[in-house]
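Working notes, structure below.
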Amino acid sequence: DSTNTSTLETYIIHVDVNFGFFARFKDLESWYTSFLPTSISHGRRRIVYSYRNVFKGFAARLSADEAKAMENNPGFISAEPERKLDKHTTHSPNFLGLNQNMGFWEGSNYGKGVIIGVLDYGIFPSHPSFSDEGMPPPPAKWKGKCQFNQTACNNKIIGARYFDSFDNSPLDEDGHGTHTASTAAGSFVAGANVFGNANGTASGIAPMAHLAIYKVCSLFCFESDILAGMDAAIDDGVDILSISLGGRSRDFYRDSIALGAFSAMEKGILVSCSAGNRGPFNFSTQNEAPWILTVGASTIDRKIRATALLGNNVSVDGETLFQPSDFPSTLLPLVYVGSLNTSDTDIQYCTPESLTKINLRGMIVVCESGLVTEVSKGEAVKTAGGAAMILVNHRLYANMTFSDAHVLPATDVGYADGLKIKTYINSTTTPMATILFKGTIIGDERAPVVAAFSSRGPNSASPGILKPDIIGPGVNILAAWPISIENNTNTNATFNIISGTSMSCPHLSGVAALLKSVHPDWSPAAIKSAIMTTADVVNLAQNPIEDERFVPATIFATGSGHVNPSRASDPGLIYDLKSEDYVPYLCGLNYTNRQVGSILQRRVNCSVESIIAEAQLNYPSFSISYDSWQPISQTYTRSVTNVGVPVSSYVVEIVPPPGIGVLVEPTTLDFTEVNQILQYQSLVFSLSVQHLPWSTNNAIMLSKVQKVPLCNLQIAKTPM
């Protein structure tokens with residue numbers, strides 16, 4: 001093969017296993033190799049991965065011409081260059097109502113016996129969060145392997161594999177994988193903290209669950225590696241797949257994670273994915289398929305407080321991880337760095353290049369967020385002689401604050417508070433300030449607040465399915481880290497605090513593991529339904545959940561609401577789905593037979609299927625697209641399964657959006673046994689032709705007689 005390897009890139013090739021030619025070959029790999037052009041000698045050397053479970057196909061190193069040449073092969077479906085996908089937290093279990101030796105956490109055996117597969121950057125196995133003290137051996141069904149030396153894996157980390165072109169070990173050299181794995185299922189570790197803050201006992205959400213690690217990222221996260229990891233995890237026997245990765249929305253038959261997740265769902269594996277960090281913009285969600293649990297991010301009630309005290313006695317609360325005990329309480333000169341060189345548009349961001357020749361000795365320096373990382377801004381300010389830094393968040397991030405591990409005394413403040421600081425600076429010729437470091441404070445009644453970065457719906461790939469499904473803790477989350485961020489040396493117990501939907505996803509993966517431990521017979525859809533229909537829609541102050549602006553969040557930000565693990569264990573009713581239920585839904589998306597078949601891995605004829613509208617899928621929520629100036633009248637059917645008290649009755653409560661009417665028949669559901677299935681229909685219609693708001697919460701609730709609401713559906717007006 002004389003092809004110039006520099007012209008090659010990795011393609012994902014889909015093939016049709018139902019095409020008769022497959023039977024002529026002795027094995028799958030031989031058949032896959034037959035698709036490669038005859039001009040390629042030693043074709044197997046070009047194949048990077050042969051997929052067996054996620055779909056039928058393979059990844060291969062090809063030139064554009066070679067990929068084009070495969071198109072006429074019988075059974076060929078598609079070949080596309082792979083994409084690079086993005087990676088998307090002590091106290092968060094308590095915030096979720098999980099307390100050691102009591103309640104649901106104890107009742108669920110802390111996830112004992114459940115296997116969580118984590119696709120990420122690998123793991124740092126010697127961290128105490130991955131101790132197997134008290135852990136039972138893996139379940140008999142486990143078929144995975146350990147590609148560390150045998151002492152690194154144990155009864156906690158029962159498998160560790162790598163699928164990454166740049167590495168030859170499952171070892172995490174980034175930190176992200178260790179953090180997400182310990183968030184989902186880390187063991188109890190007393191005295192966890194960073195710089196002495198957020199001190200407490202760290203644990204994952206399912207601390208007795210087993211971990212199976214699939215390293216699919218190092219420098220980048222490539223689709224072919226992610227698919228190989230999912231393919232292996234399905235074979236190995238995981239119960240939950242936790243994937244804090246994703247790319248921009250696309251049709252499900254072209255979305256690698258959606259394809260792999262469907263195959264996993266068919267094997268009874270729940271797939272939990274991050275919604276993405278592209279908020280607060282609408283239409284920014286990722287991992288939107290209805291068979292995926294799509295997780296947005298929210299705050300917890302813990303702040304690591306650092307208050308900026310200005311010379312006019314106005315105080316502004318912010319956050320930082322680094323909390324020096326010896327910072328002077330006396331006022332220091334305060335300067336907005338953006339005013340020092342108006343010809344340099346980057347100086348307001350405190351970039352290292354902009355501050356090279358600036359003398360900031362002894363000053364508290366105000367910097368805008370953006371362009372470079374927050375920590376690098378601090379390094380630049382420190383190098384220029386600055387005594388401290390006030391970091392002002394972008395307007396779109398509003399009141400969000402982050403606890404970063406700064407290299408100098410600092411505080412991160414919201415946008416409006418930043419305006420107060422800059423107004424004060426402009427009001428006096430001698431602006432002064434100091435920073436008061438107050439440590440860890442618990443009790444923010446606004447929590448949970450939707451994180452500004454958390455991606456919002458509507459669902460671009462399928463507008464009739466509301467996404468995200470749920471929100472969970474994802475801001476300033478403490479979890480295991482490979483090295484010490486305090487002195488950059490390896491220690492036996494190191495932790496870090498970071499933020500992202502990457503952090504909220506493993507929280508929900510852990511919750512799913514707890515539910516799987518209590519209800520081993522529940523399907524992935526049943527677990528999803530239980531989580532969604534029992535979610536909280538109010539904050540700790542019992543007010544509607546807010547977004548980063550401190551205004552009520554839309555359901556395109558919250559989905560069904562904030563996860564409530566204890567309530568999810570006893571949902572009363574569930575909205576269940578089997579894999580065949582998705583066929584009329586997928587055909588209704590106007591996919592071709594071949595496109596639907598590539599998802600289902602079998603032949604489909606949509607012309608003989610009972611095609612349904614997206615919102616007719618038996619999903620625990622639905623979204624209706626309509627023009628505010630045109631009347632609507634649509635009927636939706638739902639089937640609910642009783643998983644609660646055998647003899648029970650549920651009555652309907654309706655809280656429709658303004659200008660919308662909802663009629664539900666029947667108004668009462670009477671159950672006589674467990675697993676009994678009953679149906680109801682919802683007629684949604686416009687009361688008048690008028691401009692309507694985008695969304696509303698809790699349009700329909702089924703309430704158990706004389707008990708709190710147990711199930712809910714959401715109605716959302718999709719922005720046109």
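The values are calculated or read from the model by the stated rules, or taken from the named source; none is laboratory data. Just so you know, these numbers come straight off a predicted model, no measurement behind them. No Cβ is skipped: glycine too gets one built from the backbone with ideal geometry, and neighbour counts run over all protein chains shown. Quick note on the areas: whole protein, heavy atoms, side chains included, nothing else; ligands and nucleic acids left out. Shrake-Rupley method; radii C 1.70, N 1.55, O 1.52, S 1.80 Å.
Relative protection proxy for 585-595, 134-144, from highest mean packing down: 585-595, 134-144 (other beta-carbon atoms within 10 angstrom). Computed from the alpha carbon positions, the gyration tensor of segment 322-413 leads to an equivalent ellipsoid with semi-axes of 18, 17, 12 Å, biggest first. With contacts taken as Cα pairs under 8 Å and at least 6 residues apart, segment 394-533 reaches a relative contact order of 19 percent. For segment 170-258, the dipole from Cβ point charges (+1 on Lys and Arg, -1 on Asp and Glu) about the Cα centre works out to 300 debye, to the nearest 20. The largest accessible area among THR151, THR668 belongs to the first residue in THR151, THR668, and the rest follow in falling order (1.4 Å probe, all chains). Computed with a 1.4 Å probe over protein heavy atoms only, the accessible area of HIS519 comes to about 40 Å².
The helix-based estimate of mean residue ellipticity at 222 nm for the chain, built from -39,500 (n - 2.57) per DSSP H run of four or more residues and divided by its residue count, is -5000 deg cm²/dmol to the nearest 500. Under a model in which nothing but the beta-carbon of Lys, Arg (+1) and Asp, Glu (-1) is charged, segment 538-593 shows a dipole of about 40 debye around its Cα centre. All C-alpha to C-alpha distances of segment 565-637, sorted into 5 Å bins beginning at zero, yield P(r) values of 3, 14, 20, 18, 15, 13, 10, 7, 1 percent in whole numbers.
Each peptide among 259-269, 426-436 gets the average number of other Cβ atoms lying within 10 Å of its residues, and from highest to lowest they stand as 259-269, 426-436. I need the Debye-formula profile for segment 417-499: one equal scatterer per C-alpha, no solvent, reported as log10 I(q)/I(0) at q = 0.13, 0.15, 0.17, 0.20 1/Å, two decimals. Listed by q, the Debye log ratios stand at -0.83, -0.94, -0.99, -1.04. In the set (i) 101, 83, 67; (ii) 80, 71, 55; (iii) 93, 73, 56, which value of Cα extents along the principal axes in Å was calculated from the structure you see? So the calculated entry is the one marked (ii). Accessible area of ASP444 (1.4 Å probe, protein heavy atoms only, ligands and nucleic acids ignored): about 40 Å². For the chain, what is the percent of antiparallel DSSP beta bridges, rounded to the nearest 5? If I count the DSSP bridges inside the chain, around 65 percent turn out antiparallel. The dipole here belongs to the chain: it is taken about the Cα centre, uses +1 on the Cβ of Lys and Arg and -1 on the Cβ of Asp and Glu, and is about 220 debye.
The Cα-based radius of gyration of segment 246-390, divided by its Kirkwood radius, gives an Rg/Rh of 1.17.
For segment 9-81, the square roots a ≥ b ≥ c of the C-alpha gyration tensor eigenvalues yield an a/c under 1.5, which makes the shape rounded. For the peptides 636-648, 571-583, 321-333, the ranking by mean Cβ contacts within 10 Å, running from highest to lowest, is 571-583, 636-648, 321-333.
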